[in-house]
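A short worksheet on the structure shown next.
Read the figures in this text as sums done on the coordinates, not as results from a lab. Here the structure is a predicted model, which is why all the values come from computation and not from measurement. With ideal geometry, Cβ positions are generated from the backbone for all residues, glycine too; neighbour counts draw on all protein chains shown.
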Amino acid sequence: MVEVFKGTTTVGVLCDGGVVLASESRATMGSFIASSQAKKIYQIDDLVGMTTAGAVGDAQSLVRMVQVEARLYKMQRGERMTVKAVTSMLANILSSRRYYPFMVQLVMGGVDRYGPKIYSLDALGGQIEERRIVSTGSGSPIAYGVLEAMYKPGISIEDGTVLAARAIHNAMKRDSASGDKIELVRITDKYEEVGEPEFTEIMNLL
């Protein structure tokens, strides 16, 4: 379980007017590369996304629970949950299982009436509001080196996308549990997965 928990790199960047979430797509079982197409960024609500690091089954189970609760809230109240509310709900789920914890490390990011927000969560339900940048997983020390060196307050969503890609790209060079493809998501007034040809243009800048 420790080996499964270690492998991944995800990044969150707080930008002017939005957030950027990024990950790579490698899933490992110890030293074995189990998949090169693992999905690690999930849309939770209209303008809320979550990155996952850790045991794939635990992460997917949590995603399903939180997605359903967010939809039910919107149906009952006629409005979306705030990013903080979604994060607090997930933190309560994690805390309730502290003796048999979900082996995950999560980043929740999105935009609501209070502006762009990013939160990190640990396996026991601890939640921290991140004011600038965050990274999780085995490649996070490498990613943090890039993020700390290049992040600037008030960074644009375009520059934040390039920065997140650069952090993941560099982590993939040195962390054997991170690799294959880079996934990029921008959340502003819409939830947007970065695709071709923009992705190729971003990679040419790295």
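Please determine whether any residue of region 80-103 is of a type in the set (A, V, I, L, M, F, W, C) and in contact with a Ser or Thr (Cβ under 8 Å, 6 or more places away or on another chain).
Yes, the conditions are met somewhere in region 80-103.
Report those strands (runs of 3 or more DSSP E) wholly inside region 92-206 carrying at least 1 residues which are of a type in the set (A, V, I, L, M, F, W, C) and in contact (Cβ under 8 Å) with a residue 40 or more places away in the chain.
Per the criteria, 104-112, 115-121, 133-136, 182-187.
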